[in-house]
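Shown next, in structure tokens, is the structure this report addresses.
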Amino acid sequence: MHKVFARRLGRLIRYAEKNGIHVELTEVFRTAQEQAAYYAAGKSTKDGVYNLSKHQLGRAADLVVFKGNMPIWERCAEYEQLGAIWKQWGGRWGGDWKSLNDIYHFEV
């Protein structure tokens with residue numbers, strides 16, 4: 001599954017660049033300690049020990065859209081476009097989640 005994810009992520013980044021969307025990877029792999037910190041801060045539903053995140057399993061990445069030199073932290077058309085194409089390719093996009101709206105998150 002790691003290879004499938006890596007190929008799809010590369011494809012998404014190439015798609016973004018070809019469509020004038022500048023993205024940067026902000027996070028791929030997380031340790032159990034890093035995941036536990038996200039959980040404690042209410043930024044994840046996975047505790048990193050008993051419930052592993054897709055980041056810990058090597059099947060998720062966070063991408064941030066940039067406009068000029070500025071990262072965009074709010075939902076915008078570019079995230080929607082990337083989320084839609086990612087789902088067409090069989091992935092899950094965090095922007096669809098109701099409990100934790102994570103527009104930066106792309107996983108398989």
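The values are calculated or read from the model by the stated rules, or taken from the named source; none is laboratory data. Values in this document were obtained by computation on a predicted structure and should not be read as measured data. A quick note on method: Cβ atoms are made from the backbone with ideal geometry, for glycine too, and the neighbour counts reach across all protein chains shown. Remember, those area values only see protein heavy atoms, side chains included, never the ligands or the DNA or RNA. Shrake-Rupley method; radii C 1.70, N 1.55, O 1.52, S 1.80 Å.
Quick rundown of the values:
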| item | result |
| --- | --- |
| Magnitude of the charge dipole, the chain, Cβ model with Lys/Arg +1 and Asp/Glu -1, debye to 20 | 440 |
| The chain: angle of helix 77-88 to the longest principal axis, Cα-based, in degrees nearest 10 | 70 |
| For the chain, convex hull of alpha carbons as volume per residue, Å³ | 101 |
| Relative contact order, percent, the chain [alpha-carbon distance under 8 Å, six or more residues apart] | 26 |
| Accessible surface, per residue, of the chain when the full set of protein chains is kept, probe 1.4 Å, Å² | 59 |
| Estimated D of the range 21-63 in µm² per second, where Rh is the Kirkwood radius over Cα pairs and Stokes-Einstein applies at 25 °C, 0.890 mPa s | 233 |
